[in-house]
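See structure below.
The values are calculated or read from the model by the stated rules, or taken from the named source; none is laboratory data. Please read all numbers here as calculations on a predicted model, not as lab measurements. When we count neighbours, we look across all protein chains shown, and the Cβ atoms used for this are built from the backbone with ideal geometry, even at glycine. Each accessible area value is taken on the protein alone, full model and side chains, heavy atoms only, with ligands, DNA and RNA left out. Shrake-Rupley method; radii C 1.70, N 1.55, O 1.52, S 1.80 Å.
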Amino acid sequence: MTGGKIRSSKDRARRQAAETLAVAALAFLASEPEHLGGFLAATGVGPDQIRNAARDPSFLGGVLDHFSGNEPLLIAFAQHQGIDPTEVERARAALGNIWERDMP
C-alpha cells in the first residue's frame, strides 16, 4: 500500500512540475507578441481568457504542444529556462498529452 502512495506522490510532483513549466512557457509566449498571437489564433483563446485557461491542465498541455511543434521556439524557450528541450516533452507526457513510447 505504501508503494502506491509513494508513486502517487511522485506522479503528483511530476505533474505539478510539468504545469509549472507550462506556465513558464506561456509567460515566455506572452513576452513575444508575435508568438503569442499565433498561439492564441491556433487555440481560439482570447487574451482576456488566458488567465482562466492557464488553470486547465489540458490547456497547459496545449501550450507545451505548441512549443513541441515549433523547434526554434522550443529551443529559445529551453535556453531561456536553462533546460534541455527534452524536458518539455517529459512535461507533455506528465500532463498526459503524448504516449510514453514517443518520449525521446
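Among the residues of the range 44-78, those identified as open to solvent by less than 40 Å² (accessible area, probe 1.4 Å) and in a loop (DSSP other than H, G, I, E, B) are Val45, Gly46, Ala54. Pairs are defined by a Cβ separation below 7 Å, a sequence spacing of at least 6 or placement on different chains, a first member in the range 53-70 that is more than 13 Å from Gln16 (Cα to Cα), and a second member that is among the acidic types (Asp, Glu); the pairs so defined are Ser68/Glu89.
Only a single criterion out of (1) within 11 Å of the chain's Cα centre (by Cα); (2) among the hydrophobic types (A, V, I, L, M, F, W, C); (3) open to solvent by 30 Å² or more (accessible area, probe 1.4 Å) is not satisfied by Ala41, namely (1).
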